[in-house]
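Student: Pasting a structure below so you can have a look.
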Amino acid sequence: MNSGITATRRSPYRTFATAASFAVASTALPAMAQTPEATELDAVTVVGEKNTGNKAEYSASDKFVKPLLDTPQTVTAVPEKVIEEQKALSLRQVLSNVSGITFDAGEGGGGSGDKINIRGFSANANMKVDGLRDSSQNNRTDMFNVERVEVIKGPSSVFGGAGTTGGVVNMISKTPQQRDFVDASAGIGTDNRHRATLDANQTLEGLGTDSAFRLNLMAHENDKPGRDEVEQERFGIAPSLTVGLNDTTRATLSYKHQEDDNLLDYGLPARDGEVLPGVDHEAYYGWSNLDDEDIVSDTATLKLEHDFTADTRLENKTRYTHLDRDTTISAPHTDMEGLAPGRYKPAGPQAYRRDVTTEMWINQTQLSTSFATGNLEHELLVGAEFSRETYDRTASNLGLGSDAHPYPDNGYDIGNPPGRWDGGTTYTHRGATEATLNNQAVYAFDTISFTPQWDLSLGLRHDWIDGETIDKDDNERTSTRDSEFSGRAGLVYKPAENGRVYLAYGTSFSPSAENLATSGGLPRGDGGENLSPEKSKTWELGTKWELMNGRLGLNGALFRVDKDDVRERDASGDLYLAGKQRVQGVELGMTGELTDAWDVYANYTYLDSETRESIAGAQTNGRDPEGHSLGNTPEHSLSLWSTYDITNDVQVGYGAQYVDERHVASDVAAKVDDYWLHNAMVAYRVNDRLSAQLNVNNLFDKEYVEGVRGRPGTDSRGSAVEIGDGRSGVLTLDYRF
């Protein structure tokens, strides 16, 4: 007889077929109930996701062999349902559903793009797609081929490799399903928004076993709400094919192509984290006829799966990614020295071009199995990963503000920037760089069940990382090599069928080459490229509960992250492993169904951050960072999304986001203001095929700073902040065939 508490791994991409089989089998239950004699059958574990609205039962990563309830770590999954209800488009918009995440403004070696902080630490190079690293610096503008996004919080090199101090972002792609459907969508909205998508899936009878084809298409254009001159256009296509070679072997071939043509926006002139007085928030402080972003990305993936037995499975993924990102951008920094009040000259990079091509080959092989040793039940996964990334950048500018092409002597009106450059330009080469990053890793995870009430999760990974960058103008080469172990351990106690308490410890490392495929550079200064990796560790004590027959999930955790050997420069500019940083706090979450008609998705994060040791001192801004909080790290943040079915055909939704004030940087006393955002949705099902949905975001048209540049600015060179989207509305029609 089966007793106690058990949970079984499953493949996240085969849940529909399993659930359908269960539904068919359940039709036999009434007949069985009428038999005169009851027959006791062996226990059967049904594997698959329950229909629990916003609540995810499992991670899409096979490295988490247990359900999320039994996983000793904070993992926040933003499901497809929430993404669709919000009509969230970019990665930034999706991640606004996860508290404890902030965004940096553009600039720096990697330029503009997705610059994300998790729990106060940079995660720029910690992006994954379907569990494979996607580390190139990019502007991930559209999630049309993404099913859901998962955020694994805390140092996680055992899962994600190098970096991952604050956590990992994993984007899960849409894949072929064992049902036929066509979902066509068209949207029109404020700010010249027009959008059309198609999601079509067709089972392929007669071709292997459980074969299917899926196609996703997208075309989109809009102006940025509140920044009318900032335009975005893109289209994408993503076909995927799954072929069952037999009952135990499957192959999935997928491809994604996307092209973007955007006017890049570095934001508004600022000082100490605040927009300068007199600045027009809707004006463009670059040069709209020069600035541009052209992105062409191609990704091809082959996934092979083989089931040796019901308990043993082999998976291999091979991916090739090619990204061309050609950007020309002008910083909105201001030089106000010697000018009349309200006048400025542009400062910083103007019409600065980065033409970057990145390529990546990556292969990952994993074997998972279940077995017993005496009274101990094991769920074991072992794997190996090999990748090679190349980065090629050519930089140049057009000579704006030079003696040949000067600005007016009295500058420009700060409330009425020209927005266009009507003078001459002179192309100036600013350098060319090539970089190569090679990574090999082996890893193993074992979840051991001692008793029905106790699990021990263990993980170990070893990485070998080699990086080289070449200055193509003088052929100067800089290289680095690191070899590091990462580990994680978690103990789970199950006091009840629906509750868990856990204690976990994990480590991560950040080598010199962590951002090589993002910026093309290695740390320099007295052999900085040869410094050992930064080291991080975390402790997390948490609990997870399922209520209302598993429809509602609650989670809470106390955590501490310590980052040691932080790279810092002394007064001479030399680089040392001399800093120590700490972030500790609380995570709370509630996800699922409050009633049959009411869904909720909510989370809250409290962050207490501190620079514990530093050699930087008060070198630039008159403030020693030691003892002060980390930059762009708010104490309090929360996110809420909730929907309610008024009738079977009418649904309403409401969302709120709060981000507390945060320091511009650790060595800067100035703070960015806190903000609340409110969003709303109403949906109406016209019939079984047609539905309409109206979304209004930023209901009260709040002006707020979303992206923070970590410098306060001076009179001769101001700083900048990126303003979040203003109020916008979109009406979407969905038609299902």
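Student: Once label points are set 7 Å from the Cα along Cα→Cβ at both ASN687 and LEU207, what is their separation, rounded to one decimal in nm?
Tutor: Here the modelled spin labels are 3.1 nm apart.
Student: When only Cα pairs under 8 Å and 6 or more residues apart are kept, what is the percent relative contact order across segment 305-391?
Tutor: 31
Student: Seen from all sides and averaged, what is the projected area of the convex hull of the Cα atoms in the chain, in nm²?
Tutor: Details: hull surface 130.4 nm².
Its average projected convex-hull area is 32.6 nm².
Student: Once the principal axes of the Cα atoms of segment 358-429 are found, what is the range along each, listed largest first in whole angstroms?
Tutor: 84, 30, 15
Student: Going by average Cβ density within 10 Å per residue, which order do the peptides 116-128, 468-480, 218-230 take, highest to lowest?
Tutor: So the peptides 116-128, 468-480, 218-230, ranked by packing, come out 116-128, 218-230, 468-480.
Student: In the chain, with Lys and Arg counted as +1 and Asp and Glu as -1 at Cβ, which of these residues, GLY431, LEU314, TYR704, has the Cα nearest the positive end of the dipole, that is, farthest along it?
Tutor: Going by the charge dipole, the pick is LEU314.
Student: Here's another thing I want to ask about it. Could you work out the helix-only [θ] at 222 nm for the chain, with each DSSP H run of four or more residues adding -39,500 (n - 2.57) and the total divided by the number of residues, to the nearest 500 deg cm²/dmol?
Tutor: Computed ellipticity for the chain at 222 nm equals -1000 deg cm²/dmol.
Student: Here's something else I'd like to know. Between GLU635 and ASP247, how high is the FRET efficiency from 1/(1 + (r/R0)^6) when r is the Cβ-Cβ distance and R₀ = 56 Å? Nearest 0.05.
Tutor: The computed FRET efficiency comes out at 0.55.
Student: Which value, in debye to the nearest 20, describes the size of the charge dipole of segment 194-351 about its Cα centre when Lys and Arg Cβ atoms bear +1, Asp and Glu Cβ atoms bear -1, and nothing else is charged?
Tutor: It comes to approximately 460 debye.
Student: Please compute the modelled spin-label separation between ASP608 and LEU577, points set 7 Å along Cα→Cβ, answer in nm with one decimal.
Tutor: Label at LEU577, label at ASP608, 2.8 nm between them.
Student: Still on this structure, I have one more. Output needed for segment 256-321: three equivalent-ellipsoid semi-axes, defined as square roots of 5 times the C-alpha gyration tensor eigenvalues, in descending order, whole Å.
Tutor: 49, 18, 7
Student: Let me ask something else about it. What does the C-alpha gyration tensor say about the overall shape of segment 139-296? Classify as rounded when a/c is under 1.5, otherwise prolate if a/b is larger than b/c, or oblate.
Tutor: Numbers: a/c = 3.22, a/b = 1.71, b/c = 1.89.
Oblate, since a/c reaches 1.5 and b/c is not below a/b.
Student: Also, I was wondering about something else. Taking a point 7 angstrom from the Cα of ASP596 along the C-beta vector, which residues in segment 645-678 have backbone N less than 19 Å away?
Tutor: Only 645-652 fall inside the zone, counting backbone N under 19 Å.
Student: Over all directions, the average projected area of the alpha-carbon convex hull for segment 657-728 comes to how many nm²?
Tutor: Computing the convex hull of the Cα atoms and averaging its projections yields 6.7 nm².
Student: What dipole magnitude, in Debye to the nearest 20, does the chain give about its Cα centre under +1 on Lys/Arg Cβ and -1 on Asp/Glu Cβ? List each step's numbers first, then the result.
Tutor: Values: 71 positive and 113 negative charges, 264 e Å.
About 1260 debye.
Student: Farthest toward the dipole's positive end in the chain, which of VAL168, GLY592, VAL146, given Cβ charges of +1 (Lys, Arg) and -1 (Asp, Glu) about the Cα centre?
Tutor: GLY592
Student: Here's another thing I want to ask about it. Would you mind checking the pairs LYS55/LYS563; LYS317/LYS537; LYS87/LYS224 and listing those with alpha carbons more than 21 angstrom apart?
Tutor: Where the Cα-Cα span goes over 21 Å, the pairs concerned are LYS55/LYS563; LYS317/LYS537.
Student: Using the Cα centre of segment 580-737 as the reference point, and only Cβ charges (+1 on K/R, -1 on D/E), how large is the resulting charge dipole? Debye, rounded to the nearest 20.
Tutor: 420
Student: Let me ask something else. What spacing in nm lies between the two simple spin-label points modelled at LEU541 and ALA340, each 7 Å away from Cα in the Cβ direction?
Tutor: 6.5
Student: Highest mean first, how do 304-311, 272-279 rank when packing is the count of other Cβ atoms within 10 Å averaged over residues?
Tutor: Order by mean packing, descending: 272-279, 304-311.
Student: Using +1 at the Cβ of each Lys and Arg and -1 at the Cβ of each Asp and Glu in the chain, identify which of VAL672, SER90, ASN687 lies farthest towards the dipole's positive end.
Tutor: ASN687
Student: Taking Cα pairs under 8 Å and at least six residues apart, what relative contact order does the chain come out at, in percent?
Tutor: Once normalised by length, the contact order is 13 percent.
Bear in mind that the values in this text are calculations on the coordinates, not laboratory data. Quick caveat: nothing in here was measured; it's all calculated off a predicted structure. Note: ideal-geometry Cβ built from the backbone for every residue, glycine included; neighbour counts use all protein chains shown.
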